[in-house]
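Just below is one structure, and these are the notes that go with it.
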Amino acid sequence: MCGIIGCVGRPNETLETLIHGLSKLEYRGYDSAGVALAGRDGAVDIEKRAGKLENLRGALENVEIEGTVGIGHTRWSTHGPPTDRNAHPHPDCDGDVAVLHNGIIENFQTIRDELVASSHEFRSDTDTEVVPHLIEEALDDGATPEAAFREAISRIGGSYAIAAVFADTEAVFCARQDSPLVLGLNDDAYYLASDVPAFRDYTDTVVYMEDGEFARLDSNGWAVTDASGEPVEKDPHVVEWDAEETGKSGYDHYMLKEIHEQPRALRECLRGRVDELGDHVELEEFAGLAPPTSVQFVACGTSYHAALYGAQLFREAGVPAQAFLASEYRTSPPPIGSSLVIGVTQSGETADTLSALREASRRGAQTLAVTNVIGSSAARECDHALYIRAGPEIGVAASKTFASQLAALNVLALATTRSAESRKAIGALRDLPGAVQAVLDDSTSESVAGEYIDADAYFFIGRGYQYPTALEGALKMKEITYKHAEGFAAGELKHGPLALVTQRTPVIAIAVGDDEAAKKTVGNIKEVEARNAPVIAVTDGRSGVERYADHTLPVPESHPRTAAVTASVQLQLLAYHSAAQLGRSIDKPRNLAKSVTVE
Ligand code: F6R
């Protein structure tokens, strides 16, 4: 969702630091951007623009904007369309305060009505704008800036990572509830952000804020307090990845770079967990965890596809398991019994997933987060955390985190159950980084994409482990090409969707191995072929599907579980090259955001 950056202690480079931070955060939200600078000169200067960060940069060339401390924001609209006036930060009536926010203030309408009745002038449609006006009320009553900020926060309900600057005050104030906020520390400067990449070029030392906490950053240092103002002891952490990992390293897009990083990401995920030589899988962090008697997964989007795959892994090991869309889990909770509830969430901050995990916890379940982000809300709130170790993912469409989720779920299922499949599966996992590299080296997806660039729609089909792969292939395609794409269980085509199949709807079929699932998929491909639809087969050559396919995207022979990863890489490349040929905004597709922190 929205990206936030704040900085104190770089008096001659405040604006530059904020803009640099926003450029690293644009993937979180990119329908408008703004900055507010404050400090010694007695004023708060705000500049904000609808559209991408470039528009703000352009506007800043024509205005003088100064300050020794500042805050900046990239927005993903919730309340009010993406316009200049709805862009953050928002001032109070007198322009002495500027506030920005990520999240949703649920009681904003009641507060706004009260404030309008006492003559406050609102200039935006946002929920956020109530906060500067609440602060203004408290300042008028004689409160200090810090007290006024606290007073305003005590009035709002909902989710927020929120930050404010004040005229004549060389400090930044912030608070968090159900929305990520992290502080960055170095010797003479302090930062706050929704996400570490925003300040990673300046420091690797971070402090993760918890719900209900407030922080004050000024040139003398930083302090975190609880809602009653009591100091909270925080342990700084050092982030392990370097700033280069958040650059494009010569690739045209972050997504392409991240697709190509998959062999390395997978090696990291498996390091120390899969025995290099033997048939052994180990998860030190779960040494004391009793084997689950049943498992419920909760997740959204791409992570939900990983969850569907994870549930199948556990079922194959004889453990009842089911995947739920996190957004539905709370609305219609399943009986929980003694299930282990696993939240799969790359960011660890997805509001729907957090809320499902909290519901499970409330009902007495043990919870486990499978996540990429150390210190994320999911990691901190769950009883256990399994890190997928994919490194930072900047492209909005998930790629390497999906592959690493599948690998981590394999390790988890193998380590916590006694699967008859263990031996072969462990060997295949060990070979997986190399198999993915082979796909990357030889993929013909670019030319195949070119053949079907005018297609009306794309259908993806697969069975068993390849069913989530098909769903994920379709999601990638629709997200970044804006073309209609659907994933189906291969056996379902004939129960309805076949009516949509024409010469202008390529069917991408995943038929790997020569097992029952692959053979049946080939049968479904024949149904499609008979209706003159072009067929693109993702295959390792063992199912004989080539005979019915117009094009093939090969993957190395492997276990069906790991073939889901190699096949996904082909589908990521197919979506990427289709989007590139259509000239789409691949890293920041329309209407999407990287971390969805509202329900
Ligand atoms: C799609 C994508 C989204 C996320 C979903 C959940 O490419 O990235 O569908 O998978 O928003 O996000 P996380 O995994 O952060 O919970």
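The values are calculated or read from the model by the stated rules, or taken from the named source; none is laboratory data. Computed from a predicted model, the values in this text were never measured in an experiment. Methodologically, a virtual Cβ is constructed for each residue, glycine included, from the backbone with ideal geometry; neighbour enumeration extends over all protein chains shown. Just the protein is used for accessible areas: all its heavy atoms, side chains included, with ligands, DNA and RNA removed. Shrake-Rupley method; radii C 1.70, N 1.55, O 1.52, S 1.80 Å.
On the given criteria, is Tyr304 open to solvent by less than 40 Å² (accessible area, probe 1.4 Å), at pLDDT 95 or above and within 19 Å of Ala407 (Cα to Cα)? Here the answer is no, as Tyr304 does not meet what is asked. Reported count of residues in the stretch 5-27, each being of a type in the set (Asp, Glu) and either crowded, with 24+ Cβ neighbours inside 10 Å or under 13 Å from Ser219 (Cα atoms) (or both), is 0.
Against the test of being within 14 Å of Val165 (Cα to Cα) and open to solvent by 10 Å² or more (accessible area, probe 1.4 Å), the options Thr110, Thr83, Thr78, Thr68 yield a single qualifying residue, Thr68. Output yes when any residue across the stretch 270-285 is at pLDDT 90 or above and surrounded by fewer than 20 Cβ atoms within 10 Å (Cβ to Cβ), and no when none is. No - not one qualifying residue is present in the stretch 270-285. None of Ala438, Ala407 is modelled with pLDDT of 95 or more and buried (at least 21 other Cβ atoms within 10 Å of the Cβ) except Ala407. Checking each residue in the stretch 208-238 for being assigned to a strand (DSSP E or B) and open to solvent by 70 Å² or more (accessible area, probe 1.4 Å) picks out Arg216, Trp222, Pro231, His237, Val238.
For every residue, the table says whether it meets (1) open to solvent by less than 40 Å² (accessible area, probe 1.4 Å); (2) under 30 Å from Cys2 (Cβ atoms); (3) within 15 Å of the chain's Cα centre (by Cα).
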position: His559; (1), (2), (3): yes, no, no
position: Val565; (1), (2), (3): yes, no, no
position: His577; (1), (2), (3): yes, no, no
position: Gln581; (1), (2), (3): no, no, no
position: Asn591; (1), (2), (3): no, yes, yes
position: Val596; (1), (2), (3): no, yes, yes
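Picking from residues in the stretch 348-393 that are out of contact with any strand residue (DSSP E or B) (no Cβ under 7 Å at 6 or more places or on another chain) and hydroxyl-bearing (Ser, Thr, Tyr), the one that is surrounded by the fewest Cβ atoms within 10 Å (Cβ to Cβ) is Ser355. Taking the listed residues Glu349, Glu316, the one that is in contact with a Pro (Cβ under 6 Å, 6 or more places away or on another chain) and modelled with pLDDT under 95 is Glu349, with no other qualifying.
One residue stands out among those in the stretch 313-326 that are open to solvent by 40 Å² or more (accessible area, probe 1.4 Å) and closer than 17 Å to Ala415 by Cβ: the one that is farthest from the chain's Cα centre (by Cα), which is Gly318.
Within the stretch 459-488, the residues that satisfy the criterion of being more than 16 Å from the ligand (Cβ to nearest atom) and open to solvent by less than 30 Å² (accessible area, probe 1.4 Å) are Phe459, Ile461, Gly462, Tyr465, Gln466. Regarding the stretch 327-336, can at least one residue be identified that is within 16 Å of the chain's Cα centre (by Cα), touching a residue at least 60 places away in the same chain (Cβ under 8 Å) and closer than 22 Å to Ser179 by Cα? Yes, the stretch 327-336 contains at least one residue that is within 16 Å of the chain's Cα centre (by Cα), touching a residue at least 60 places away in the same chain (Cβ under 8 Å) and closer than 22 Å to Ser179 by Cα. Cβ-Cβ contacts under 8 Å between residues 6 or more apart (or on different chains), taken from a first residue in the stretch 221-238 that is within 12 Å of Tyr208 (Cβ to Cβ) to a second residue that is of a type in the set (Lys, Arg), are listed as Val224/Lys234. Residue-level check: of (1) loosely packed, with under 15 Cβ neighbours inside 10 Å; (2) of a type in the set (Lys, Arg); (3) in contact with a Pro (Cβ under 8 Å, 6 or more places away or on another chain), Arg40 misses just (3). Checking Ala390, Ala323 one by one, the residue that is without any contact (Cβ under 8 Å) to a residue 40 or more places away in the chain and within 28 Å of Met477 (Cβ to Cβ) is Ala323 and no other. All of (1) open to solvent by 20 Å² or more (accessible area, probe 1.4 Å); (2) over 25 Å from the mean Cα position of the chain (by Cα); (3) under 23 Å from Glu170 (Cα atoms); (4) free of Cβ contacts under 8 Å to residues at least 60 places away in the same chain hold for Thr205 with one exception: (2). Is it fair to say Leu266 is more than 29 Å from Arg584 (Cα to Cα), away from the ligand (no atom under 16 Å from the Cβ) and buried (at least 21 other Cβ atoms within 10 Å of the Cβ)? When the stated conditions are applied, Leu266 does not pass them. With respect to the conditions (1) at pLDDT 90 or above; (2) farther than 28 Å from His260 by Cβ; (3) outside any strand (DSSP E or B), Arg430 falls short on a single one, namely (2).
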